Amino acid sequence: MEQCDPAKELNEFLVPHLAEVIFQADKSLALLRTIGENADEINQARFGSLFGSLQDRLKDHFILSLAKLTDPPRKPYRVRSMPALARFLRDHADELAFQDEDHVRAYLRGEKPDRPADGEDVAQWYTRRFQEQGATQPPESPHRTDTALTKALADSLDATLDAIRSGANDLAKAYKSVRWLRDKKIAHREATGDAMRPECTWGDADSLLGRLKELVAVVAMGYCSMSFTDANGVYHLTRDAGRVGILLERLLAKARIIRDDSNEDSPQS
């Protein structure tokens, strides 16, 4: 049997699995926002039925993405979700070496972890951090394992996810609504009225996604030196995913469904 390499498996856990699911959810949201913001013009152009069908598919895709991120681990399946990530950290706590231990400690203390500035790569950021601490350069081998600290992070992830699953806040409402829709309407069609669905808004669902991004970003930076957020805590790939919304808006303008504000008649630079 092939021996498990926890560091490699954690890297693959994050990319392409969790990061890709988040990216796809963000793209669905970006397209839904663009359609919603231009709904009057789309309906006036008599394309409401077409874009309504597209909205239905995008909503299902977004719900399924959130459900994937919150699925509990199940044997014998290698589920890639946030609860499964917490279990993986706990199971391999004595093997996983930190790439940025301070980042994890700051998170557990409830502080805002330091992050690379815009346009600054991780190597430059490390060098700057150590120089600010009075060192001429980062140590050659700063990485070490800390079983207790990794288990503490796993406990923190589990506590956050438990609060989402069983709490009475807006994130919990979004979680319960997502699970209900996936189980009762998308994966299976049950004879259950919509009145039984837990109430939540799209804003609540987006906030749930944002909370999950925060958890993924801490693990990615702490153990893999992957910076998923900028200096302000904004998730990098959310901006990339938003490009599909911009492209759809350009398409609507090209089709003269919405007004083209791009000043395309002006000379090209």
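The values are calculated or read from the model by the stated rules, or taken from the named source; none is laboratory data. From a predicted model like this one, the values you see are computed outputs, not experimental measurements. Reconstructed Cβ throughout: ideal geometry from the backbone, glycine too, with neighbour counts over all protein chains shown.
Residues checked against (1) crowded, with 16+ Cβ neighbours inside 10 Å; (2) more than 16 Å from residue 68 (Cβ to Cβ); (3) among the charged types (D, E, K, R):
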| residue | (1), (2), (3) |
| --- | --- |
| 173 | yes, yes, yes |
| 177 | yes, no, no |
| 180 | yes, no, no |
| 189 | no, yes, yes |
| 200 | yes, yes, no |
| 229 | yes, yes, no |
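The residue of the range 72-98 that is modelled with the lowest pLDDT, among those that are of a type in the set (Phe, Trp, Tyr) and crowded, with 18+ Cβ neighbours inside 10 Å, is 98.
Scanning the range 47-71 for residues that are surrounded by fewer than 20 Cβ atoms within 10 Å (Cβ to Cβ), part of a helix (DSSP H, G or I) and free of Cβ contacts under 8 Å to residues at least 24 places away in the same chain turns up 48, 49, 50, 52, 53, 54, 55, 56, 57. Scanning the range 159-182 for residues that are among the β-branched types (Val, Ile, Thr) and in contact (Cβ under 8 Å) with a residue 60 or more places away in the chain, we see that the one that is nearest to residue 84 (Cα to Cα) is 164.
Every condition in (1) modelled with pLDDT of 90 or more; (2) closer than 30 Å to residue 175 by Cα; (3) exposed (fewer than 12 other Cβ atoms within 10 Å of the Cβ) is met by residue 40 except one, and the failing one is (2). Looking across the range 2-41, just one residue is among the polar types (S, T, N, Q) and either touching a strand residue (DSSP E or B) at 6+ places or on another chain (Cβ under 8 Å) or closer than 15 Å to residue 225 by Cα (or both), and that is 11. Listed by first and then second residue, the pairs linking a residue in the range 72-87 that is part of a helix (DSSP H, G or I) to a residue that is exposed (fewer than 15 other Cβ atoms within 10 Å of the Cβ) and not polar (S, T, N, Q), with Cβ atoms under 9 Å apart and 6 or more places separating them unless they lie on different chains, are 83/72; 84/72; 84/74; 84/78; 86/155.
For first residues located in the range 1-23 and part of a helix (DSSP H, G or I) and at pLDDT 90 or above, partners that are of a type in the set (Val, Ile, Thr) and surrounded by 14 or more Cβ atoms within 10 Å (Cβ to Cβ) and lie 6+ apart or on another chain with Cβ distances below 8 Å form the pairs 10/219; 14/216; 14/219; 18/216; 19/216; 22/216.
For the range 260-269, enumerate the residues that are loosely packed, with under 10 Cβ neighbours inside 10 Å and at pLDDT 55 or above. Write out each step before concluding.
Applying the first criterion (loosely packed, with under 10 Cβ neighbours inside 10 Å) to the range 260-269 yields 261, 263, 265-269.
Of everything in the range 260-269, those that are loosely packed, with under 10 Cβ neighbours inside 10 Å and at pLDDT 55 or above turn out to be 261, 263.
Looking at the range 150-257, what helices (runs of 4 or more DSSP H) fall wholly within it and have at least 2 residues that are more than 14 Å from the chain's Cα centre (by Cα)? By residue number, 170-181, 202-224, 243-254.
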